[in-house]
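Report on the structure given below.
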Amino acid sequence: MDVDADRLLQDLRILANFGRKGMGINRPAFSGPDIEARKWLRKSMQDAGLDACIDGVGNVFGSSRNAFSTVLIGSHTDSVLNGGWLDGSLGVVYGLEIARCWLASHPRDGFGIDVISFEDEEGAYVPFLGSSVFSGLLDATVLRTINTRSGKTLEAVLDAWRLSGVPAVRFEPKRCRAYLEAHIEQGPVLETNAKQVGIVTAVVGVRRFHIAFTGQVAHAGTTPVLMRRDAGEALIKFAYHLIEKFRDIAGEHLIWNLGIIALKPGAWYLVPGEGELSVEVRDIDGRTLDAAEAAIHECVNEAAREGNVECRAVKKRQVEPASMDPRMIRIFTEAAKDHGASFMCLPSGAMHDAMVMSQHVPTGMLFVPSIGGRSHVPEENTSTADIILGARVLLRAVELLRESS
Ligand SMILES: [Zn+2]
């Protein structure tokens, strides 16, 4: 049994035509191109012999009719604005191709492949909407009242596509033995290490903080430096000390980003009265994230001790790290070896639907290299050889799962 490389590549190219604009892909959740792509996927799943539907939150789910024990393969086909052609589409098309291979060679097997494209992984409305509802983490009826990022209720969005009243498909723990997601790496690690396949050990947890500094606006020419309440200076000292602390506690993978820095009013001749700083930390170990959070509070206290500028930190988001299933890591390792693929184990610094699913079912994640480490841009790409090899390793992993069960 082998994947049909031409068919796989052709499906990826067809999918890339939905929402194509120049070199880039514009297929945010519930946009016209996203829904059209989902209809194409539903038809492709049906042609493959799966029972397929678009459910009440936009997930496309293809289920193996005769199977009572399944592995679920998928990812997401929504994209960011002006994104690339692979991203989550890769993992969905892998699932479709592997289901086709499996049904052709095991038409009456009790073990089957289910395939899913989760809706809104990228968070145009609600991040991880599809996998959260599918796994039961979020209740679809409650979700309908949520005011989304765009300011509309989800109900209005679903109504517009006549999805209100359509039931949401729910994950069946008795039937589903594992969730496997393939995705482009979105970073430079595999390429730099000359590896063809990445086996994900864990998906990082994320914490986000908004830090506000309040001083007093003053004329910069007439107010002596020692008599100012300078929110800008306080912010810069805070950021410098925080980075020093992060360097001290950084485990192997702690990643931080100070992505927003703003001073108000923002003029040559005015001492800033207000400062705003965003701090995001990511790590696969919750204890390291605790230490990073403690460092933020230490810096807030230090700023308060300085005395003349108020400083407050508010946590905006907390997502726990998610370990991938050790058995799935072993199976991917064996599958990579069986294909003579060079591989390495690595954490995922980006969040994925696998993070949500891993709370409910043994989950494994496979990466293929991103050329130049680029992703979420039109230039996003993976070599044809790596795309095909990734599908073969994933198919081999499914065979190993079947054999070992
Ligand atoms: Zn993705």
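Details
- Whichever residue in the stretch 377-387 is among the hydrophobic types (A, V, I, L, M, F, W, C) and surrounded by fewer than 18 Cβ atoms within 10 Å (Cβ to Cβ) and, among such residues, is farthest from Lys174 (Cα to Cα): Val377
- The stretch 70-83, subset small (Gly, Ala, Ser) and either surrounded by fewer than 24 Cβ atoms within 10 Å (Cβ to Cβ) or within 10 Å of the ligand (Cβ to nearest atom) (or both), residue farthest from the chain's Cα centre (by Cα): Gly83
- Where a residue in the stretch 205-225 is closer than 25 Å to Thr288 by Cβ and its partner, wherever it lies, is among the hydrophobic types (A, V, I, L, M, F, W, C) and modelled with pLDDT under 95, with Cβ under 6 Å and at least six apart: Gly205/Val319; Val206/Val319
- Qualifying residue in the stretch 143-158 (condition: surrounded by fewer than 22 Cβ atoms within 10 Å (Cβ to Cβ), of a type in the set (Asp, Glu), assigned to a loop (DSSP other than H, G, I, E, B) and free of Cβ contacts under 8 Å to residues at least 24 places away in the same chain): no
- Criterion: closer than 30 Å to Ala182 by Cα, open to solvent by less than 30 Å² (accessible area, probe 1.4 Å) and modelled with pLDDT of 95 or more - qualifying residue of Val279, Val271: Val279
- Matching residues, the stretch 115-129, being part of a loop (DSSP other than H, G, I, E, B) and within 14 Å of the ligand (Cβ to nearest atom): Glu119, Asp120, Glu121, Glu122, Gly123, Ala124, Pro127, Phe128
- Residues of the stretch 14-27 satisfying the condition of being open to solvent by 30 Å² or more (accessible area, probe 1.4 Å) and either in a strand (DSSP E or B) or under 23 Å from Val133 (Cα atoms) (or both): Arg20, Lys21
- Count of the stretch 347-371 residues which are within 14 Å of the ligand (Cβ to nearest atom), open to solvent by 10 Å² or more (accessible area, probe 1.4 Å) and not aliphatic (A, V, I, L, M): 1
- Selected residue (only one of Gly221, Gly205, Gly266 is small (Gly, Ala, Ser) and under 25 Å from the mean Cα position of the chain (by Cα)): Gly205
- Once the stretch 170-188 is narrowed to residues that are touching a residue at least 60 places away in the same chain (Cβ under 8 Å) and over 17 Å from the mean Cα position of the chain (by Cα), the residue that is farthest from Met355 (Cα to Cα) is Arg175.
- Only listed residue being among the charged types (D, E, K, R), away from the ligand (no atom under 16 Å from the Cβ), surrounded by 15 or more Cβ atoms within 10 Å (Cβ to Cβ) and within 25 Å of the chain's Cα centre (by Cα), chosen from Arg392, Arg317, Arg327, Arg374: Arg392
- Contact annotation: residue pairs with Cβ atoms under 6 Å, 6 or more positions apart or on different chains, pairing a residue in the stretch 85-107 that is more than 16 Å from Gln46 (Cβ to Cβ) and hydroxyl-bearing (Ser, Thr, Tyr) with a partner that is open to solvent by 10 Å² or more (accessible area, probe 1.4 Å) and away from the ligand (no atom under 13 Å from the Cβ), are Ser105/Met1.
The values are calculated or read from the model by the stated rules, or taken from the named source; none is laboratory data. Remember, predicted model here, so these are calculated numbers, not experimental data. Cβ coordinates were reconstructed from backbone atoms using ideal geometry, including for glycine residues, and neighbour counts include every protein chain displayed. Just so you know, the surface numbers come from the protein's heavy atoms only, side chains and all, with ligands and any DNA or RNA stripped out. Shrake-Rupley method; radii C 1.70, N 1.55, O 1.52, S 1.80 Å.
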